[in-house]
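Shown next, in structure tokens, is the structure this report addresses.
The values are calculated or read from the model by the stated rules, or taken from the named source; none is laboratory data. Just so you know, these numbers come straight off a predicted model, no measurement behind them. Note: ideal-geometry Cβ built from the backbone for every residue, glycine included; neighbour counts use all protein chains shown. For the accessible areas, the whole protein counts, side chains as well, though only heavy atoms, and no ligand, DNA or RNA atoms are used. Shrake-Rupley method; radii C 1.70, N 1.55, O 1.52, S 1.80 Å.
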Amino acid sequence: MRLFLREKDEAIAKAWPKKRLRDFIVSRLTAAGYDATFLSKENRLRLQQGFGPMFRELGREHPRMSQTAKEIVPVDLTAMQRQSFSESSLKEHGTVWSVKDEAGTFTGHEVHLWEQYQK
């Protein structure tokens with residue numbers, strides 16, 4: 001954490017000497033019921049993220065990501081160009097969502113392939 005703070009901001013690193021950092025980390029780990037002699041990677045990342053707001057410049061806007069959509073644009077899926085992919089890429093990295101008994105969008109040999117895939 002000392003190296004992390006020094007890389008980000010020397011003034012903040014001076015305000016958080018080793019003893020203060022250690023006492024802070026140990027007290028928080030103990031309060032949360034964790035082993036105070038071991039700082040997991042997950043907890044280290046949380047600690048680094050906790051210091052994040054201290055590195056922001058004052059008086060500037062800091063954009064945030066929103067989890068709610070503000071402008072939803074309707075898309076007509078029937079007007080979209082058809083896409084294709086290999087079965088192996090689907091097995092390794094993909095998922096297929098479909099409407100039950102919806103074979104009407106397939107033509108020719110695609111109907112047979114879709115039926116076989118569903119089985």
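Here are the numbers for this structure:
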quantity	calculated
In segment 21-37, the residues that are loosely packed, with under 13 Cβ neighbours inside 10 Å and of a type outside the set (D, E, K, R)	Ser27, Thr30, Ala31, Ala32, Gly33, Thr37
Residue check, Leu77 at pLDDT 75 or above, open to solvent by 100 Å² or more (accessible area, probe 1.4 Å) and aliphatic (A, V, I, L, M)	yes
Lone unmet requirement of (1) open to solvent by 100 Å² or more (accessible area, probe 1.4 Å); (2) modelled with pLDDT of 75 or more; (3) within 30 Å of Gln118 (Cα to Cα) for Phe85	(2)
Checklist (1) in contact with a Leu (Cβ under 9 Å, 6 or more places away or on another chain); (2) surrounded by fewer than 10 Cβ atoms within 10 Å (Cβ to Cβ) applied to Phe106, failing item	(2)
